[in-house]
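In what follows, a structure is listed as structure tokens, so that the remarks can point back to it.
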Amino acid sequence: MAIVVMNTFWHFHASAAIFVRPVPAGNALGVHQKRVVEFGEWLCREVVKAVPHRHVVLSIPKILRRYFLYDRKLLSELSRWGWEALKAFYTSGARDDKAIPGAVIAIQTFGDFLGFYPHLHILVSDGCFHANGMLSVSPSVDTKALEQIFRHKVLKILLAKGKITQDMIALLDKWRHTGFNVFAGPRILPCHEKSMENLARYIIRASFSQERMIYHREAGQVEYRSKDGSQAKVFDAMEWLAAMCSHVPNKGEQMVRYYGYYSNAARGKRKKADVDDKIPCILEPELTSTAFRKNWARLIQKIYEVDPLICPKCASEMKVIAFIHDEDVIRKILKHLNLWDVKQKISPRAHAPPIDLLNTYDESPMPSVDDQLIDTEYPIEAYF
């Protein structure tokens with residue numbers, strides 16, 4: 001616990017006054033929350049180029065999910081299979097053999113009630129980059145064709161690994177819907193920096209929302225509500241822990257991967273040759289990377305949409321003059337301000353990617369609600 005002491009100038013006189021502005025209980029900048037904001041900014045500032053992009057989600061049928069639950073190494077391969085499907089789809093109409101798209105793929109394993117639902121959230125350039133750094137934009141996304149390519153790659157490799165049999169593939173073929181699903185969002189233009197940054201933050205959201213969780217101490221149970229609050233599921237405490245642990249990555253397991261034009265190798269080669277700036281990134285860096293990460297006031301402003309360095313009474317700019325860490329002193333100050341017993345958590349304003357800025361959604365069907373595979377309209381802040 002700490003209090004930031006700032007000084008401000010009142011409208012009525014020019015003398016400096018001491019102003020104490022504690023962060024309300026529960027509104028401290030969490031570690032994951034800070035990481036999410038930093039990742040969104042870093043991705044748009046260092047990786048993603050100022051070209052059109054799409055949000056694509058690839059999901060697999062329920063009958064195949066158990067193989068990924070008990071063999072998490074398959075998750076990284078699922079990411080690669082998704083990339084190979086996207087690459088095959090986007091390069092099929094390219095005249096240049098060396099043209100390649102760029103993609104950032106996030107592996108997610110959770111559904112609405114923490115069930116194990118592995119799927120891929122992909123931020124992909126809506127076209128292929130050429131050797132000269134230019135992008136040829138894809139005219140449209142045929143979700144059915146992309147689904148067929150993805151389905152073929154997943155079944156082929158699972159069959160080769162001995163996870164499934166030809167009989168299971170034949171069974172899937174008989175179903176009216178095989179369970180493979182592709183969602184392609186609207187084209188996001190480079191001028192919509194906020195949409196891109198929100199989407200980058202959204203794809204690495206946490207597996208559960210503390211706001212939706214109620215712990216019943218006497219019963220030893222956890223009640224978890226659906227995102228719209230209409231349903232709830234009750235877990236025994238150990239069942240809840242087991243559900244959460246099923247989404248914890250193994251040591252060294254990378255849940256976000258970069259492919260094609262956005263791969264680490266490709267970016268490293270371009271930077272070494274000093275040609276990475278032919279197409280600028282979505283966000284232009286205003287500060288150095290170190291200063292960007294240390295700017296705590298900027299992070300708070302982004303998340304809670306309030307500037308902690310602006311006085312709430314006179315709207316004048318404040319300057320940090322001291323940090324108080326002594327708990328006894330902090331308690332006295334907060335009790336004097338009637339803030340010691342404040343327990344109400346102020347929820348941040350929600351932003352639900354993908355952002356509908358262009359109203360140019362294609363005709364791609366959303367994944368089945370019954371599958372509960374993705375939450376494309378779930379506000380990212382609600383997971384904190």
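Brief remarks on what is shown
Results for (1) assigned by TED's automatic domain parsing to the domain that holds residue 76; (2) modelled with pLDDT under 90; (3) not in a loop (DSSP other than H, G, I, E, B), shown as yes or no for each residue.
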| position | (1), (2), (3) |
| --- | --- |
| 240 | no, no, yes |
| 254 | yes, no, no |
| 266 | yes, no, yes |
| 286 | yes, yes, no |
| 290 | yes, yes, yes |
| 303 | no, yes, yes |
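- Among the residues listed as 219, 232, the single one being surrounded by 12 or more Cβ atoms within 10 Å (Cβ to Cβ) and outside the structural domain of residue 43 (by TED's automatic domain parsing): 232
Conditions (1) within 22 Å of residue 116 (Cβ to Cβ); (2) in a loop (DSSP other than H, G, I, E, B); (3) without any contact (Cβ under 8 Å) to a residue 40 or more places away in the chain, marked per residue:
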site	(1), (2), (3)
195	no, no, no
201	no, no, no
219	no, yes, yes
222	yes, no, yes
229	no, yes, yes
234	yes, no, yes
243	yes, no, no
247	yes, yes, no
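- Pairs where the first residue, in segment 153-178, is closer than 24 Å to residue 87 by Cα and at pLDDT 90 or above and the second is polar (S, T, N, Q) and in a helix (DSSP H, G or I), C-beta under 9 Å, 6+ apart: 159/166
The values are calculated or read from the model by the stated rules, or taken from the named source; none is laboratory data. Not measured: the values here are computed from a predicted model. For neighbour counting, all protein chains shown are included, and Cβ atoms are generated from backbone atoms with ideal geometry for every residue, glycine included.
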